[in-house]
Amino acid sequence: MHPAEGSTMDPMELIRSVPRLGELLVAQGVMTEREVERVLLRQQQDGRPFGALAEEICGVDPSLIEAAWIDQYRQIQATSRQTLSSADPGALAIVEARQAWQFRMLPLTIDDEALVAATTTQHMARAARFASAVLGRTVIFTIVDSEELAAALERHYPMHAATGMDARTVRGGVHLDPLGGRPEPSSR
């Protein structure tokens, strides 16, 4: 049973209720349980992402892993506005304001198992790459719309005065000049 969209379930309970990537790939007939066990064993040894190891060890097509990954994240979309407004200060401290805005990622809660963070569909790949490369911990993303993310970033990481980044940056109406960091109207 999966919670309905808009649920106020604790984010970690929500994460535990969603099938793991290996379970989804087995259910879809892409991998066997034995293959998943091999990948998990290797993952315990070197900490690399499950999907990358499934490609390497079992030859799973990356597009099938991505499809299962997206399916997994769709099941996590139950984060409510209440959760966005009441993000855990310990989770917020994991990323700097600049990183939160740059990678469009809002940490929500953290425990021994994972960090739960919000992002948009448009920014998920970039946020995931940042989390994997820099944070060194498992991050589970919940997808929110750009308006919700923009409001939450403004509330938890106010930066407009220092950098010119604001809600328009998240919504895609402004892009940053790579040299000066100043906002310029988007030509898109």
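The values are calculated or read from the model by the stated rules, or taken from the named source; none is laboratory data. Model, not experiment: these values are computed from the prediction. Don't worry about glycine lacking a Cβ; one is built from the backbone with ideal geometry, like all the others, and counts go over all protein chains shown.
Of all residues in the stretch 109-127, which are more than 16 Å from I70 (Cα to Cα), surrounded by fewer than 23 Cβ atoms within 10 Å (Cβ to Cβ) and touching a helix residue (DSSP H, G or I) at 6+ places or on another chain (Cβ under 9 Å)?
T109, I110, D111, E113, A114 - these are the residues of the stretch 109-127 that are more than 16 Å from I70 (Cα to Cα), surrounded by fewer than 23 Cβ atoms within 10 Å (Cβ to Cβ) and touching a helix residue (DSSP H, G or I) at 6+ places or on another chain (Cβ under 9 Å).
Just the residues that are outside any helix (DSSP H, G or I) and among the polar types (S, T, N, Q), please, taken from the stretch 28-44. Spell out how you get there, then give the answer.
Let us first name the residues in the stretch 28-44 that are outside any helix (DSSP H, G or I), namely 28-32.
Listed by number, the residues that qualify are Q28, T32.
Can you report the number of residues in the stretch 81-107 which are modelled with pLDDT under 90 and buried (at least 18 other Cβ atoms within 10 Å of the Cβ)?
3
On the given criteria, is I15 exposed (fewer than 15 other Cβ atoms within 10 Å of the Cβ), assigned to a helix (DSSP H, G or I), among the hydrophobic types (A, V, I, L, M, F, W, C) and at pLDDT below 95? Please lay out each step first, then the result.
Values: exposed (fewer than 15 other Cβ atoms within 10 Å of the Cβ): no; assigned to a helix (DSSP H, G or I): yes; among the hydrophobic types (A, V, I, L, M, F, W, C): yes; at pLDDT below 95: yes.
It is false that I15 is exposed (fewer than 15 other Cβ atoms within 10 Å of the Cβ), assigned to a helix (DSSP H, G or I), among the hydrophobic types (A, V, I, L, M, F, W, C) and at pLDDT below 95.
Applying the selection to the stretch 128-156, what residues are surrounded by 15 or more Cβ atoms within 10 Å (Cβ to Cβ), of a type in the set (A, V, I, L, M) and closer than 21 Å to Q43 by Cα?
Result: A128, A131, L135, V139, I140.
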